[in-house]
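The values are calculated or read from the model by the stated rules, or taken from the named source; none is laboratory data. Source: prediction; values computed, not measured. Ideal geometry is used to build each Cβ from the backbone, glycine not excepted, and the neighbour counts take in all protein chains shown.
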Amino acid sequence: MGITRKEHIHYEKEIGKLRRMVENFFCRIKSYRRVARRYEQLPQTFLGFVTLAVIVDWIKFEFVHAA
């Protein structure tokens, strides 16, 4: 038998969906070792690798979810 709340917690489902998309995006980006471990010491170089990882992820996402 599950425990239920006496008062329902109200939340916006659309905001929850967007938050999940953002969290999943960061999880996919962290699969790139250079980004997750932050091997680059200069902020410009790190941002470059993050940008590259985002582009690769976007291309993979578009091919998988193409209509």
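Values as computed for the structure displayed
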item	result
Verdict on Ala36 being free of Cβ contacts under 8 Å to residues at least 12 places away in the same chain, among the small types (Gly, Ala, Ser) and either exposed (fewer than 11 other Cβ atoms within 10 Å of the Cβ) or in a helix (DSSP H, G or I) (or both)	yes
Residues of region 4-33 that turn out to be part of a loop (DSSP other than H, G, I, E, B) and closer than 13 Å to Asp57 by Cα, as a count	3
Extreme residue, modelled with the lowest pLDDT, among residues of region 39-67 that are surrounded by 12 or more Cβ atoms within 10 Å (Cβ to Cβ), under 13 Å from the mean Cα position of the chain (by Cα) and not aliphatic (A, V, I, L, M)	Phe61
Scope region 39-53; condition part of a helix (DSSP H, G or I) and without any contact (Cβ under 8 Å) to a residue 12 or more places away in the chain; matching residues	Pro43, Gln44, Thr45, Phe46, Leu47, Gly48, Thr51, Leu52
Positions within region 14-38 being basic (Lys, Arg) and modelled with pLDDT of 90 or more, in sequence order	Lys17, Arg19, Arg20
Test: residue in region 2-21 that is aromatic (Phe, Trp, Tyr) and in contact with a Lys or Arg (Cβ under 8 Å, 6 or more places away or on another chain)	no
Members of region 11-38 found to be polar (S, T, N, Q) and under 9 Å from the mean Cα position of the chain (by Cα), listed by number	Asn24
